[in-house]
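Would you mind keeping the following structure in view while I ask a few things?
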Amino acid sequence: MEISKQNYLNCLNKNQKEAVIELEGPCLIVAGAGSGKTRVLTSRVAHIIKTKKAWPNQILCVTFTNKAAREMQNRITDLLKEKQSSIPWLGTFHSVCAKILRRHAEAIGLNSHFTIIDQEDQLRLIKNICKAENIDIKKIAPVFILSIINQWKNKGQLPKNINIKRGVPLERNILTIYKNYQERLKILNSCDFGDLILHCATMFENNPDILELYSKNFKYILVDEYQDSNYIQDKWLNLLVKKNNNICCVGDDDQSIYSWRGAEIANFLNFNKTYKDTKIIKLEQNYRSTQNILSAASGLIANNDDRLGKKLWTDGEDGDPVKLTCYKNGKEEAIGISDIIEQKLKKKYSLNNISILVRAIFQTREFEERFLKIGMGYRVIGGTKFYVRTEIKDSIAFLRIVNQKNDDLAFERIINVPRRSIGDNTIKQLHIWTRKNKKSLEDSAIELLQLNKIKPKTKLGLVKILGLFQKWRSDLKEKKHYELMEIILDESGYSKMLKDKKDLESEGRLENLKELIRGMHDFDNLQSFLEHVALASSIDQNWEGEKINLMTIHAAKGLEFDVVFLPGWEEGLFPHQKSLEEKGDLALEEERRLAYVGLTRAKKRSFISFVISRMYRGDWVDSLASRFIDELPEKNIEKEEVKEQSAEDFFFNQDIDYDEGIRSPGWARLQRKKLKRIK
C-alpha cells in the first residue's frame, strides 16, 4: 500500500502529516493547545514501524506521566492494528531510566533490586542525618533541605560538583547533608526519583560502552511535552541521540508552566541551536476551542517575548466571546458563578464538563461553601492520592522490606506498627550500630539480639517481627504477591489493629487495604508492583454522578472542558505576587503562559472574573484587575456589568503603572486610590 494512502495518514492535516513523515534528523514540533500533538506523536511511531525504518525495540518514546504513556501505547496499538504492538521503550523519563539502571546497577554501585524511595522516606532519611550531624531541623526544615537537593539533581550536580561560596553556611550545611544522604542511599541499596535520571546520565558519561549500547540501539527518539524538560533530562537525551541524530521533540513553549519543578523553557527555545539542521514544524490548527477563545488566548500570549510564535485557528464556529465580569468580593464571585451555572448552563452542559480553574488553591473554599449551600455537586481535583494514605504506605513498607532487607526506611516505618514495644530508644540504638558497622537496620537488630544488647521487653517483639520477615520472604517464593499481602496484614496484626478501633475511619482504611490487594492482581510480580507504586505520578479517582470540577490551572493542564470559569484575575493573585518578587519578568511570562493554559482548556464557553475586594489572611484587601485583562483583544471579549456597578467602565481600562503598584510595599493602598469601592 502506498504510504500516502495509509489510514493513519489520511486523517491528518497538512502540517500534521509533514510532522509524521519527516523522520530523519532533529525535528521540533511546536504543537499549540488542542492541535492534535498526541495523534501526531503516535502516528509518527506507527509510521516508523509500518515503513520498517526500525523495530519497536529500536524506538525510544518518553513522556512525563504514566497516564500519557498509557494513552500513547493504546493509540499506537490501535493504529498498528496488531495484537502484539507494544513499544518496549515507551514510558516516563523515570521509568525508562529505572529500566536501564536495573540492567546496569553495578555501574552505579547498586544491585538490581534497589528500592526507589518516595518523598516521605527522603524526609525521614534527611531527619536522621540531621540528628547525626547535630543540625537543628527547627532552624533548617528537612523539606527545604530536600528542595535544594532536588534542585541540584535537576541541574545534574552531584555533591562533588557543587562549589559553595564563602559566607553561605546554610548551603554548606545542606551540601554536607547531601553528601551523607547520597552515601546513605548507596548503603540502603536505594535511590530517589532525582537519582534515576541523574545516575543514568552519569553512568552514560562514565561508561562509553553502556552509552554506545543504547545510543546505537535507539534509531529514533521521540519526546512528548518537551517544554517541561529540565537540565538533566535534556542532557540525558543529548547523550543518547548523538549516534543516530534522529530526535523528535513535541511540545508548546506557550504552555511551559512548571519552572518551580525545574522545567527549563530554554531547552525548547534553543533546540535548533543544540541540534544543527533542525526542522521546525508548527501545528496551529486547533480542534478543541471556538475561534473567540483561541483569538483571546493568542492575543494574550503574544505579549510574551520568549516564544517561537504561532497563532491558533480553527475551521469551526466563532462561538461566544469570552465573558468578563467584575464582582464585589470573593463571596459574590462564587454566588455569581454558581448562578450562571444553575440558570444558564446546567440544562445545556453536563456538570462534569464544567470546570472552575483557580490560580491558588485557597480560592476553592468560597466555591465549596456556596455549592454545599445550594446542594450542587462538586469535586476538588488534587486531593489525597491513594498511594500516600497512611494505611497504604504502611502496607507497601511491609512489602518493600520483604523485597529487600537493606530497605532501612521501610524497616523503620513498620518495625513498631502495630506497636511491639519497640520505642525510639531502641530505634536510636539500631541507628548507632548501623552507622558504626555499616549494616542495614535489620542486620543490626539481629546482631544486637545475638549479643543480648536489647531490653527483654523489646526483645520479644523484635524477635517476632524479624522472624515474620524471614517467613514472608519464604512465602513469596511459593505464593502470589497479592496473597502475600493478605498474609502480612493478618500475621502482622495490622488488620486486627484497624478492626479493634471500630470507627468509621478505620473501616474506611480496611476498605482501602482491600482495594490495594485487588489492584495488585494487575501486576505479574512484587517487583513490578513496587516499581509501579514508586513511579505512579497520580491515581485516577472515579467520581460518581455529575459534579463541577474545582482545581488549580496547573492541575488542569492537558484537560479540556465545555465550559471554563477563571476567577480571581487580580494583580497579586494572578499574576502571583510571590512569583513576581522572586523571578521578576521571567515569572510574569510564565504567569501569562498559565493564563493561556487556563483559557485554552475551554471548548465552548470561557468566563473570566475579578473582584474589587478579597479576604486575604483575615483582612479585606482592595484588588486591582489583572494586567492580563487589559491584554485580551477587545473584539473577542464581552464585558458584563454587574448589579450596583458604576456605568463608568474604569474596571477594564485602568491606565495604571503596574510595576509601580506591584513593587511598592503599599500596593494595596495604592489600589484604593485608583478604584472606586462598590458599597
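The values are calculated or read from the model by the stated rules, or taken from the named source; none is laboratory data. The shown structure was predicted, so the numbers you read here are calculated from the model rather than taken from an experiment. Note: ideal-geometry Cβ built from the backbone for every residue, glycine included; neighbour counts use all protein chains shown. Heavy atoms of the whole protein, side chains included, go into the accessibility calculation; ligands, DNA and RNA do not. Shrake-Rupley method; radii C 1.70, N 1.55, O 1.52, S 1.80 Å.
Note the per residue figure in Å³ for the convex hull of the C-alpha positions in segment 415-519.
Details: hull volume 12.6 nm³, N = 105.
Once divided by residue count, the hull of segment 415-519 is 120 Å³.
Still on this structure, I have one more. What value does segment 110-184 have for Rg/Rh, both radii from Cα atoms and Rh as Kirkwood defines it?
On the way: Rg = 12.5 Å, Rh = 13.0 Å.
Radius of gyration over Kirkwood radius for segment 110-184 works out to 0.96.
Put +1 on the Cβ of each Lys and Arg and -1 on the Cβ of each Asp and Glu in the chain; which of LEU222, GLY467, LEU41 then has its Cα farthest toward the positive end of the dipole?
After comparing all options, I get GLY467.
So for PHE371, PHE144, what's the accessible-area order with a 1.4 Å probe, most first?
On the way: PHE371 0, PHE144 90 Å².
Accessible-area ranking of PHE371, PHE144, largest first: PHE144, PHE371.
What are the residues whose amide H is under 5 Å from the amide H of LYS282, where those residues sit 5 or more places off or on another chain and H is modelled from the backbone?
VAL30
Taking a cut-off of 16 Å between Cα atoms, list the aspartates and glutamates near LYS219, but don't count ones fewer than 8 places away on the same chain.
Cα-Cα hits under 16 Å: GLU22, GLU24.
Taking the Cα centre of segment 15-82 as origin, sum charge times position over the Cβ atoms of Lys and Arg (+1) and Asp and Glu (-1), and report the length of that vector in debye to the nearest 20.
So the dipole magnitude of segment 15-82 works out to roughly 160 debye.
Using only protein heavy atoms and a 1.4 Å probe, report how much of THR458 is accessible, in Å² to the nearest 10.
Surface accessible to solvent at THR458 totals approximately 10 Å².
Shifting gears a bit: Rg and Dmax in Å for segment 324-398, alpha carbons only: what are they?
Using the Cα atoms of segment 324-398, the pair Rg, Dmax is 16.6, 54 Å.
What distance in nm separates the two pseudo spin-label positions at GLN577 and LYS179, each 7 Å out from Cα along the beta-carbon direction?
Modelled inter-label distance: 4.1 nm.
No solvent, one uniform scatterer per C-alpha: report log10 I(q)/I(0) for segment 1-141 via the Debye equation at q = 0.09, 0.13, 0.16, 0.21 1/Å, two decimals.
The calculated log intensity ratios at q = 0.09, 0.13, 0.16, 0.21 Å⁻¹ are -0.44, -0.71, -0.91, -1.31.
Quick one: if you take sqrt(5λ) for each eigenvalue of the C-alpha gyration tensor of segment 434-479, what semi-axes come out, biggest first, whole angstrom?
Details: eigenvalues 100, 44, 8 Å².
Those come to 22, 15, 6 Å.
Still on this structure, I have one more. Sort 191-198, 462-469 for me by packing, meaning the mean count of neighbouring Cβ atoms within 10 Å per residue, highest on top. Write out the running numbers ahead of the final one.
Working: 191-198: 23.2, 462-469: 16.6.
Answer by packing, highest mean first, reads 191-198, 462-469.
Which FRET efficiency value, to the nearest 0.05, do you get for LEU372 and GLU560 by plugging their Cβ-Cβ distance into 1/(1 + (r/R0)^6) with R0 = 30 Å?
Working: r = 27 Å, r/R0 = 0.89.
With R0 = 30 Å, the Cβ-Cβ based efficiency is 0.65.
Let me ask something else about it. Quick one: helix 441-450 against the long Cα principal axis of the chain, what's the angle to the nearest 10°, folded into 0 to 90?
Between helix and principal axis, roughly 20 degrees.
Using a 7 Å offset from the Cα along the Cα-to-Cβ direction at both GLN343 and LYS428, what is the distance between the two label points in nm, to one decimal?
With each label placed 7 Å out from Cα toward Cβ, I get 6.6 nm.
Can you tell me the 0 to 90 degree angle between the C-alpha axis of helix 504-520 and the longest principal axis of the chain, rounded to 10?
Helix 504-520 sits at roughly 80 degrees to that axis.
Separate question: Could you tell me the accessible area of LYS428 in Å² (1.4 Å probe, neighbours in place), rounded to the nearest ten?
130
Pairs LYS496/LYS547; LYS131/LYS464; LYS155/LYS179; LYS428/LYS496; LYS276/LYS603; LYS67/LYS479: which exceed 26 Å Cα-Cα? List each step's numbers first, then the result.
Working: LYS496/LYS547 36 Å; LYS131/LYS464 29 Å; LYS155/LYS179 16 Å; LYS428/LYS496 28 Å; LYS276/LYS603 38 Å; LYS67/LYS479 30 Å.
LYS496/LYS547; LYS131/LYS464; LYS428/LYS496; LYS276/LYS603; LYS67/LYS479, as the Cα separations exceed 26 Å there.
Which stretch or stretches of segment 226-270 have amide N atoms under 18 Å from the point lying 7 Å from ASP305's Cα along the Cα→Cβ direction?
In segment 226-270, the label zone of ASP305 (backbone N under 18 Å from the point 7 Å along Cα→Cβ) covers 254, 265-267, 269-270.
Which loop GluC sites (Glu not before Pro) in segment 41-112, with loop taken from DSSP, have no more than 16 other Cβ atoms within 10 angstrom of their Cβ? Don't skip to the answer; put the middle values down first.
Details: sites: GLU71, GLU82, GLU106; in loops: GLU82.
Loop-located and lightly packed - GLU82.
Right, another one. Specify the inter-centroid distance of segment 106-149 and segment 264-323, based on alpha-carbon positions, in whole Å.
41
Fully extended, how many nm does the chain gain between LEU213 and ASN161 (0.36 nm per residue separation, minus their Cα-Cα distance)?
Taking 0.36 nm per residue and subtracting the Cα distance, the gain is 16.0 nm.
What is the Cα convex hull volume of segment 240-312 when expressed per residue in Å³?
Details: hull volume 8.9 nm³, N = 73.
In segment 240-312, the Cα hull volume divided by residue count equals 122 Å³.
List the aspartates and glutamates whose Cα sits under 15 Å from the Cα of LYS480, skipping any in the same chain fewer than 8 residues away.
ASP522, ASP524
Please give the contour-minus-distance gain from HIS532 to LYS455: 0.36 nm per residue of separation, less the Cα-Cα distance, rounded to one decimal in nm.
Numbers: separation 77, 0.36 × 77 = 27.72 nm, distance 3.90 nm.
Extra length available between HIS532 and LYS455 comes to 23.8 nm.
Run the helix sum for the chain: -39,500 (n - 2.57) per DSSP H stretch of 4+ residues, divided by residue count, reported at 222 nm to the nearest 500 deg cm²/dmol. Kindly include the intermediate steps, with their values, before the conclusion.
Values: 31 runs with 333 residues, N = 679.
Rounded to the nearest 500, it is -14500 deg cm²/dmol.
If the chain between ASN245 and GLU511 were fully stretched, how many nm would it gain, using 0.36 nm times the residue separation less the Cα-Cα distance? Could the numbers behind the result be given before it?
Values: separation 266, 0.36 × 266 = 95.76 nm, distance 5.10 nm.
90.7 nm is the gain from fully extending ASN245 to GLU511.
List every residue whose amide H lies under 5 Å from the amide H of ILE612, counting only residues 5 or more places away in sequence or on a different chain, with H placed 1.01 Å from N in the peptide plane.
TYR327, LYS328, ASN329
Only four residue types carry charge here, +1 at the Cβ of Lys and Arg and -1 at the Cβ of Asp and Glu. Report the dipole size of the chain about the Cα centre in Debye, rounded to the nearest 20.
So the magnitude is around 1960 debye.
Among rounded, prolate and oblate, which fits segment 254-374 when a ≥ b ≥ c are the square roots of the eigenvalues of its C-alpha gyration tensor, a/c under 1.5 means rounded, and a/b larger than b/c means prolate?
Details: a/c = 2.87, a/b = 1.78, b/c = 1.61.
Prolate is the answer for segment 254-374, as a/c is 1.5 or above and a/b outweighs b/c.
Now, a different point. Taking all protein chains together and a probe of 1.4 Å, list TRP89, TRP260 from the most accessible to the least accessible. Could the numbers behind the result be given before it?
Working: TRP89 15, TRP260 150 Å².
Final ranking, largest accessible area leading: TRP260, TRP89.
Angle between the Cα long axis of helix 66-80 and the longest principal axis of the chain, 0 to 90 degrees, nearest 10?
80
With a 10 Å radius around each residue's Cβ, average the other Cβ atoms per peptide and rank 157-165, 178-186, highest first. Display every interim value, and only then the final one.
Details: 157-165: 11.8, 178-186: 18.0.
The peptides rank, most packed first, as 178-186, 157-165.
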